[in-house]
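S.K.: Structure provided below as structure tokens; questions to follow.
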Amino acid sequence: MEFINGDPEADHDRFPDAASVGVHGTHSLHFSDRDRRRRPSFPSPGAVRLRAYRFDGRGGFFSRDWDIAEAESSPCEFNWFHVDLPKGNHKLSVSAQLLIDALCPPLKLQDILSLVSNGPFCAHVDGALIFRVNSPGPATSDFTLRLAARVTEATVITVSLGRVPRLGFSQTGQSLLSEIPVVEHRRGAEDGEERVEGSGIVIGEHVLEFLLTMNHSEEADNPVPRTVSDLVVHVIDTHVDHVQDIVTRLEMQLDSVELELDKGGSALKKQMLDDRRFPKMHLDLQRLLQVVAHGEQVFPRVKEKCAGKSWFLNENIVALEELIGRLRRLKENLGFIVNRVTAIQAGLDSWQAEQINRKLYYLSFFSLIFLPLSIVTGVFGMNVGGVPWTGQEDPELKDGFRNVLLLCAAMFLLLLFCFTFPTIYRHIAAWSNRAALRRSWSLNRKSFLRRTLRRGPFQGGGGYIRL
């Protein structure tokens, strides 16, 4: 059972002009018309989901009413209250208002702000251990993960952004993984229709693809915690599993994209470049890396603070250490995925540059064809009237067109000399240096032979020529 508030009649007395924000089970949380006008960006109805459990400490559990103030339990029992905040395009203050309405009383404003704020956090607040791994990305993104918890010896309160897979609990025997599936064998009937042969639980292809991306698919597979420390490890474990599911889904998506790029043509590559698919994926990966980095900062501090608690078991300390190691391996795996995305984007950029160069080559080829024609038409279409040395009344300057051509040729040669002068100077300087070296080598060789012949072959002792 899932609840938004503990007593519907009391809620109706508090909010007589109420409209339901989220309905689960038989209880709901209400806001008046004045409150709704004051919060124009409030989430749509049915967005807030609350769950409450009581564990007996012997491997059993049952759903309970949403009443944190009266969450009394025996020494072996403990309670868990969970809030699923809506994934929507609303401000963080709206999420804080939802938590205030759901958790106050008995929680104070300081507890609410510690749970809903962004960024990593782990500290004792008002006698309770509060930790969070809330990434500051947009709430509508699938790569923005937020999880916060308030832990005491007998009560655990958790807050998440959207539904976290495998976080809750359900009765055993309801798991799809415990069923025996049957493979679909289709054959054409005489009337042309297809039918499925076999008996058992038929699993569709889309369900199988979903199960392949999940480390743990259903809540019925979860072991029921016997202590609060087991529940804390379970909450952190589901968060790490959620990150692992996203990483697995990204790897499968990249594999399919690489296959499409190998089989597809230029139209597919152009579509991917126009959609900016890989830059968006790179941004999502950076958000996911931020989530992992927050976990690397918070979970070791949770382990250190829980190690001094008498109610936190030593085996759960070891389990937290293993989860921290998993998170570090996930960070390395994400680094490999980032490199793959960068390599694919570089390949697409190279292909785009090659296409642009090919088009420029074709353009230069057509320019090579039409450039001489444009020069000829431009020369013979010149109007030299009014240009110096082209006076038509003066018989001595009747060749004005020829004079203009000679002037253009002289200017062209001057410009060509100006542009080629550095190259010509460099060649002349190199030739001069080589000539100077040859002359120097020749003079040194003649001087060496002259000195050698004058001194004699055995002068200097030992029968050797002194160099």
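The values are calculated or read from the model by the stated rules, or taken from the named source; none is laboratory data. These numbers come from a predicted model, not from an experiment. Neighbour counts run over all protein chains shown; Cβ positions are idealised from the backbone, glycine included. The accessibility values were calculated without ligands, DNA or RNA, using every heavy atom of the protein model including side chains. Shrake-Rupley method; radii C 1.70, N 1.55, O 1.52, S 1.80 Å.
S.K.: Among the listed residues Leu85, Leu50, Leu29, which satisfies the condition of being of a type outside the set (Ser, Thr, Tyr), modelled with pLDDT under 80 and in contact with a strand residue (DSSP E or B) (Cβ under 6 Å, 6 or more places away or on another chain)?
M.R.: The match here is Leu29.
S.K.: If you scan segment 249-277, which residues turn out to be under 30 Å from Val318 (Cβ atoms) and open to solvent by less than 60 Å² (accessible area, probe 1.4 Å)?
M.R.: Leu250, Glu251
S.K.: Criterion first (under 19 Å from Lys108 (Cβ atoms) and of a type outside the set (Asp, Glu)) does Ala52 satisfy it?
M.R.: Criteria not met by Ala52.
S.K.: While we're here: Does Val235 count as of a type in the set (A, V, I, L, M) and open to solvent by less than 30 Å² (accessible area, probe 1.4 Å)?
M.R.: Here the answer is yes, as Val235 does meet what is asked.
S.K.: Next question, about the same structure. Looking at Val338 and the list (1) modelled with pLDDT of 90 or more; (2) of a type outside the set (Gly, Ala, Ser); (3) not in a helix (DSSP H, G or I), which single condition is not satisfied?
M.R.: Every condition holds for Val338 apart from (3).
S.K.: Failed condition for Lys280, given (1) open to solvent by less than 70 Å² (accessible area, probe 1.4 Å); (2) basic (Lys, Arg); (3) out of contact with any strand residue (DSSP E or B) (no Cβ under 7 Å at 6 or more places or on another chain), with all others met?
M.R.: With respect to (1) open to solvent by less than 70 Å² (accessible area, probe 1.4 Å); (2) basic (Lys, Arg); (3) out of contact with any strand residue (DSSP E or B) (no Cβ under 7 Å at 6 or more places or on another chain), Lys280 is out only on (1).
S.K.: Here's another thing I want to ask about it. Looking only at residues in segment 125-137 that are assigned to a loop (DSSP other than H, G, I, E, B) and either farther than 11 Å from Leu161 by Cα or in contact with an Asp or Glu (Cβ under 7 Å, 6 or more places away or on another chain) (or both), which one is least open to solvent (accessible area, probe 1.4 Å)?
M.R.: Gly137
S.K.: Additional query: Let me confirm something: among Asn403, Asn357, which residue is open to solvent by 80 Å² or more (accessible area, probe 1.4 Å) and modelled with pLDDT of 70 or more?
M.R.: Asn357
S.K.: While we're looking at this one, here's another question. Of the conditions (1) open to solvent by less than 60 Å² (accessible area, probe 1.4 Å); (2) under 22 Å from the mean Cα position of the chain (by Cα), Gln286 clears all except one; give me its number.
M.R.: (1)
Results for (1) of a type outside the set (S, T, N, Q); (2) part of a helix (DSSP H, G or I); (3) modelled with pLDDT of 90 or more; (4) farther than 25 Å from Ala149 by Cβ, shown as yes or no for each residue.
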position: Glu209; (1), (2), (3), (4): yes, yes, no, yes
position: His216; (1), (2), (3), (4): yes, no, no, no
position: Ala220; (1), (2), (3), (4): yes, yes, no, no
position: Val232; (1), (2), (3), (4): yes, yes, yes, no
position: Asp237; (1), (2), (3), (4): yes, yes, yes, no
position: Met252; (1), (2), (3), (4): yes, yes, no, yes
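S.K.: Can you pull out every residue in segment 250-301 that is acidic (Asp, Glu), under 17 Å from Ile337 (Cα atoms) and touching a residue at least 24 places away in the same chain (Cβ under 8 Å)?
M.R.: Glu251, Glu258, Asp284
S.K.: State which residue is farthest from Gln253 (Cα to Cα) when the search covers only segment 302-337 and only residues that are among the β-branched types (Val, Ile, Thr) and open to solvent by less than 20 Å² (accessible area, probe 1.4 Å).
M.R.: Val302
S.K.: Another question, if that's okay. Sort out which residues of segment 145-169 are touching a His at 6+ places or on another chain (Cβ under 6 Å) and hydrophobic (A, V, I, L, M, F, W, C), and write them in order of number.
M.R.: Leu147, Val164
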